[in-house]
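Visitor: One structure is given below, represented as structure tokens, and several questions about it will come after.
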Amino acid sequence: MKKFLATVAFSTLALPAQAFDITTMDDQERSTFRAEVRAYLLENPEVILEAYQIFEQRQAAAEAQKDETMIAAHGDAIYNDDRAWVGGNPEGDITLVEFMDYRCGYCRKAHSEVSELVATDGNIRYIVKEFPILGDESVLASRFAIATKLVAGDEAYKKAYDALITFRGNIGQKSLARLAETLDLDGDAIIAQMNSPEVNQLIGDNHQLAQSMGISGTPTFILGDQMLRGYVPLANMMELVASVREEK
């Protein structure tokens, strides 16, 4: 905030910030300067809003550039990890990546809308990053989903994924065994695989990737060179996809 107010002061008085040093003033000069700044801002309060809007725009631009740099630096781990499930059109011209947690309310809210986006567009490659961060049940759900993919393949994973993201009730070994039975999966084989080194490695790698990219919440989407933190309504997501296509 001090940095922002100093920027306002310099800009309102048309003083070059690089050449101006308030510490060189004596007490009388400093008092006069502050009085002039205060009087100007009281007479022109809209300047504060204008300056703050510019400040926010610059901050947002800096964050966007930081995200773009991180995405480029970790592109292989984001887009080319063959352990991750890939849905939609594997040859699509747009890739949408989601870091998700099965117990996350906003991930659940986004699920049907992301599914609709991918299905109606027809040209989106959709990658799921298992990122359990909301406690033991989240971890168990991810372990079950990853183990399902290892044991039974991509189609079985998709069934487990859809079931877990809409699951009501507590997640534990018994409820997962019942879920496997409902989905006509080999529950014993999947549960035996849940604590395997492969499952541990993938969850650990996804957490490390998220940490490296400053991702701490779910859902977090990566679309083009943008990181979208939090739930994005379907209409907005469609606009973003169209925008990314225009830039290609």
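The values are calculated or read from the model by the stated rules, or taken from the named source; none is laboratory data. Note that the structure is a prediction, hence the values are computed from the model and not measured. Ideal geometry is used to build each Cβ from the backbone, glycine not excepted, and the neighbour counts take in all protein chains shown. Please note that ligands, DNA and RNA were not included when accessible areas were found on the heavy atoms of the full protein model with its side chains. Shrake-Rupley method; radii C 1.70, N 1.55, O 1.52, S 1.80 Å.
Visitor: Taking only the range 168-193 into account, find how many residues are out of contact with any Leu (no Cβ under 6 Å at 6 or more places or on another chain) and part of a helix (DSSP H, G or I). Walk me through how you get there before you give the answer.
Guide: First, pick out the residues of the range 168-193 that are out of contact with any Leu (no Cβ under 6 Å at 6 or more places or on another chain): 168-170, 172-192.
Retained after the next criterion (residues that are part of a helix (DSSP H, G or I)): 173-182, 187-192.
Looking only at that region, the number is 16.
Visitor: Same structure again: Given the conditions (1) surrounded by 11 or more Cβ atoms within 10 Å (Cβ to Cβ); (2) modelled with pLDDT of 75 or more; (3) part of a helix (DSSP H, G or I), report the number of the one that Asp81 does not fulfil.
Guide: Evaluating Asp81 over (1) surrounded by 11 or more Cβ atoms within 10 Å (Cβ to Cβ); (2) modelled with pLDDT of 75 or more; (3) part of a helix (DSSP H, G or I) leaves (3) as the failure.
Visitor: Filtering the range 159-171 down to residues that are surrounded by 12 or more Cβ atoms within 10 Å (Cβ to Cβ) and not basic (Lys, Arg), which residue is nearest to Glu116 (Cα to Cα)?
Guide: The initial filter retains those residues of the range 159-171 that are surrounded by 12 or more Cβ atoms within 10 Å (Cβ to Cβ), namely 159-165, 167, 171.
Filter once more, so that each one left must be not basic (Lys, Arg): 160-165, 167, 171.
Values: Ala160: 18, Tyr161: 16, Asp162: 13, Ala163: 16, Leu164: 18, Ile165: 15, Phe167: 19, Ile171: 26 Å.
Ranking the qualifying residues of the range 159-171, first place goes to Asp162.
Visitor: Gly187 fails exactly one of the following numbered conditions: (1) open to solvent by 40 Å² or more (accessible area, probe 1.4 Å); (2) over 27 Å from Glu113 (Cα atoms); (3) touching an Asp or Glu at 6+ places or on another chain (Cβ under 8 Å); (4) not hydroxyl-bearing (Ser, Thr, Tyr). What is the number of that condition?
Guide: The single condition Gly187 does not satisfy is (1).
Visitor: One residue is enough: does the range 49-71 have a residue meeting the conditions open to solvent by 40 Å² or more (accessible area, probe 1.4 Å), modelled with pLDDT of 95 or more and of a type in the set (Phe, Trp, Tyr)? So that I can check it myself, show each step before the final result.
Guide: Of the range 49-71, the ones open to solvent by 40 Å² or more (accessible area, probe 1.4 Å) are 49-50, 52-66, 68-69.
Checking the rest, the ones that are also modelled with pLDDT of 95 or more come to none.
For the range 49-71, residues open to solvent by 40 Å² or more (accessible area, probe 1.4 Å), modelled with pLDDT of 95 or more and of a type in the set (Phe, Trp, Tyr): absent.
Visitor: Under the condition of being without any contact (Cβ under 8 Å) to a residue 60 or more places away in the chain and surrounded by 24 or more Cβ atoms within 10 Å (Cβ to Cβ), which residue from the range 116-144 is farthest from Thr218 (Cα to Cα)?
Guide: Per the stated criteria, the residue is Phe144.
Visitor: Turning to a different aspect of this structure: Which of the residues belonging to the range 222-239 are under 23 Å from Asp76 (Cβ atoms) and either out of contact with any helix residue (DSSP H, G or I) (no Cβ under 8 Å at 6 or more places or on another chain) or small (Gly, Ala, Ser) (or both)? Steps first, please.
Guide: First pass over the range 222-239, keeping only residues under 23 Å from Asp76 (Cβ atoms): 222-229.
Selection gives Gly224, Arg229.
Visitor: Which ones in the range 48-96 are among the acidic types (Asp, Glu) and under 30 Å from Ser112 (Cα atoms)? Break it down into steps so the answer makes sense when it comes.
Guide: Going through the range 48-96, the residues among the acidic types (Asp, Glu) turn out to be 50, 56, 63, 67-68, 76, 81-82, 91, 93.
Once the filter is applied, which keeps residues that are among the acidic types (Asp, Glu) and under 30 Å from Ser112 (Cα atoms), the range 48-96 yields Glu63, Asp67, Glu68, Asp76, Asp81, Asp82, Glu91, Asp93.
Visitor: Taking the range 190-215, which residues are open to solvent by 30 Å² or more (accessible area, probe 1.4 Å), within 22 Å of the chain's Cα centre (by Cα) and touching a residue at least 24 places away in the same chain (Cβ under 8 Å)?
Guide: Asp205, His207, Ser212, Gly214
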